[in-house]
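Comments concern the structure below.
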Amino acid sequence: MHRRITGTLVIATHNPGKLVEMRELLAPHGVEAVSAGELGLGEPDETGDTFRANARIKAVAAAKAALLPAFADDSGLAVDALDGAPGVLSARWAGPNKDFLAAMARIERLLQERGATQPSQRRAHFVSALCVAWPDDHVEEVEAIAEGTLVWPPRGTAGFGYDPAFLPEGHRRTFGEMTSIEKHGLPPLGLGLSHRARAFVKLAEICLDQR
Ligand code: IMP
């Protein structure tokens, strides 16, 4: 049986950008959100080797510490020709200075070394894993992807991370050339394209009241 989210939900992130986005997604469902940072909760090590495992580590740690249901996400980019790299290491490939141009250049170098010049050889997908954990160990988990190809050089200045190198399937503009409403927004205003938007729709279906 799926469990519905009621009352206060802890958002298990210390990333201000993610917090804003998650609050926006949750507000229409009447869920009051408080962040792990606001509660002074620590950040667990992300030791999982899948997105799903890391989302669960973060949600369970926050739920146990706050004694409230907690919501966490984990996400990243998986490149087919690189056997899914950078995957759960997507943030780490950018280094301590969060240099995503360098991370995109590293991927491009590896693709060139493999002779991956055609779009069909440059397929990649973003993954978003979401987990809601309750203090009694119940968890609800969903995962979604956004498929596309990698372009070089990167295009656009919108978004974050690997957005400028990612051309979503069926589109002519990269995520870096789209507004955030186009990328993450749900229809009718947005295109509901991003992995995070798709995962959130799945979570809303099983855990949130539709208003
Ligand atoms: P997380 O905070 O552990 O989920 O790290 C996810 C990393 O994956 C981010 O630092 C970005 O590099 C990358 N990533 C995840 N989602 C996106 C996206 O929508 N656009 C661009 N990069 C993303």
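The values are calculated or read from the model by the stated rules, or taken from the named source; none is laboratory data. What you see is a predicted model; the values in this text were computed from it and never measured. Here Cβ is always computed from backbone atoms with ideal geometry, including for glycine, and neighbour counts include all displayed protein chains. Side chains included, ligands, DNA and RNA excluded: accessible areas come from the protein's heavy atoms. Shrake-Rupley method; radii C 1.70, N 1.55, O 1.52, S 1.80 Å.
Restricting attention to the stretch 80-98, which residues are farther than 21 Å from His195 by Cβ and either over 19 Å from the mean Cα position of the chain (by Cα) or open to solvent by 70 Å² or more (accessible area, probe 1.4 Å) (or both)?
Within the stretch 80-98, Pro96, Asn97 meet the criteria.
Restricting to the stretch 10-59, name every residue that is part of a helix (DSSP H, G or I), within 13 Å of the ligand (Cβ to nearest atom), touching a residue at least 24 places away in the same chain (Cβ under 8 Å) and open to solvent by less than 60 Å² (accessible area, probe 1.4 Å).
Those that are part of a helix (DSSP H, G or I), within 13 Å of the ligand (Cβ to nearest atom), touching a residue at least 24 places away in the same chain (Cβ under 8 Å) and open to solvent by less than 60 Å² (accessible area, probe 1.4 Å): Gly17, Lys18, Glu21, Met22, Phe51, Asn54, Ala55, Lys58, Ala59.
If you take the residues in the stretch 104-124 that are among the basic types (Lys, Arg) and without any contact (Cβ under 8 Å) to a residue 40 or more places away in the chain, which one is farthest from Arg155 (Cα to Cα)?
Checked the stretch 104-124; the qualifying residue farthest from Arg155 (Cα to Cα) is Arg114.
Hey, among Gly176, Gly170, Gly190, which residue is part of a loop (DSSP other than H, G, I, E, B), among the small types (Gly, Ala, Ser) and in contact with a helix residue (DSSP H, G or I) (Cβ under 8 Å, 6 or more places away or on another chain)?
From the options Gly176, Gly170, Gly190, the qualifying one is Gly190.
For every residue, the table says whether it meets (1) open to solvent by less than 40 Å² (accessible area, probe 1.4 Å); (2) touching a Cys at 6+ places or on another chain (Cβ under 9 Å); (3) within 22 Å of Leu9 (Cα to Cα).
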site: His138; (1), (2), (3): no, no, yes
site: Val142; (1), (2), (3): yes, yes, yes
site: Gly176; (1), (2), (3): yes, no, no
site: Gly192; (1), (2), (3): yes, no, no
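Using the structure shown, decide if Ala65 is touching a Cys at 6+ places or on another chain (Cβ under 6 Å) and at pLDDT 95 or above.
Details: touching a Cys at 6+ places or on another chain (Cβ under 6 Å): no; at pLDDT 95 or above: yes.
So Ala65 does not fit the description; no.
If you go through the stretch 104-124 one residue at a time, how many are surrounded by fewer than 19 Cβ atoms within 10 Å (Cβ to Cβ) and not in a loop (DSSP other than H, G, I, E, B)?
So in the stretch 104-124, the residues surrounded by fewer than 19 Cβ atoms within 10 Å (Cβ to Cβ) come out as 105-106, 108-110, 112-115, 117-121, 123.
Then keep just the ones that are not in a loop (DSSP other than H, G, I, E, B); that gives 105-106, 108-110, 112-113, 119-121, 123.
Adding up the residues that qualify gives 11.
Can you pull out every residue in the stretch 144-161 that is closer than 23 Å to Gly17 by Cα, open to solvent by 20 Å² or more (accessible area, probe 1.4 Å), in a loop (DSSP other than H, G, I, E, B) and in contact (Cβ under 8 Å) with a residue 40 or more places away in the chain?
Within the stretch 144-161, Pro154, Phe160 meet the criteria.
Name the one entry in Leu77, Leu130, Leu101 that is in contact (Cβ under 8 Å) with a residue 40 or more places away in the chain, exposed (fewer than 15 other Cβ atoms within 10 Å of the Cβ) and either farther than 18 Å from Gly17 by Cα or within 11 Å of the ligand (Cβ to nearest atom) (or both).
Step by step, each of Leu77, Leu130, Leu101 is checked, and only Leu101 is in contact (Cβ under 8 Å) with a residue 40 or more places away in the chain, exposed (fewer than 15 other Cβ atoms within 10 Å of the Cβ) and either farther than 18 Å from Gly17 by Cα or within 11 Å of the ligand (Cβ to nearest atom) (or both).
Just for the stretch 193-211: of the residues that are over 15 Å from the mean Cα position of the chain (by Cα) and part of a loop (DSSP other than H, G, I, E, B), which one is modelled with the highest pLDDT?
Let us first name the residues in the stretch 193-211 that are over 15 Å from the mean Cα position of the chain (by Cα), namely 204-211.
Restricting the remaining residues to those that are part of a loop (DSSP other than H, G, I, E, B) gives 208-211.
Working: Leu208: 90, Asp209: 82, Gln210: 74, Arg211: 65.
Ranking the qualifying residues of the stretch 193-211, first place goes to Leu208.
Go through the residues of the stretch 93-100 one by one and say whether even a single one is in a strand (DSSP E or B), under 23 Å from His184 (Cα atoms) and out of contact with any helix residue (DSSP H, G or I) (no Cβ under 7 Å at 6 or more places or on another chain).
no
When you check Arg172 against the structure, is it more than 11 Å from the ligand (Cβ to nearest atom), surrounded by fewer than 18 Cβ atoms within 10 Å (Cβ to Cβ) and modelled with pLDDT of 90 or more, yes or no?
It is true that Arg172 is more than 11 Å from the ligand (Cβ to nearest atom), surrounded by fewer than 18 Cβ atoms within 10 Å (Cβ to Cβ) and modelled with pLDDT of 90 or more.
What residue, among those in the stretch 60-74 that are part of a helix (DSSP H, G or I) and farther than 13 Å from His14 by Cα, is least open to solvent (accessible area, probe 1.4 Å)? Walk me through it before giving the result.
Taking the stretch 60-74 first, the residues part of a helix (DSSP H, G or I) are 60-66.
Next, from what is left, pick out any that are farther than 13 Å from His14 by Cα: 60-61, 63-66.
Working: Val60: 48, Ala61: 41, Ala63: 0, Lys64: 94, Ala65: 68, Ala66: 27 Å².
Among them, the one singled out is Ala63.
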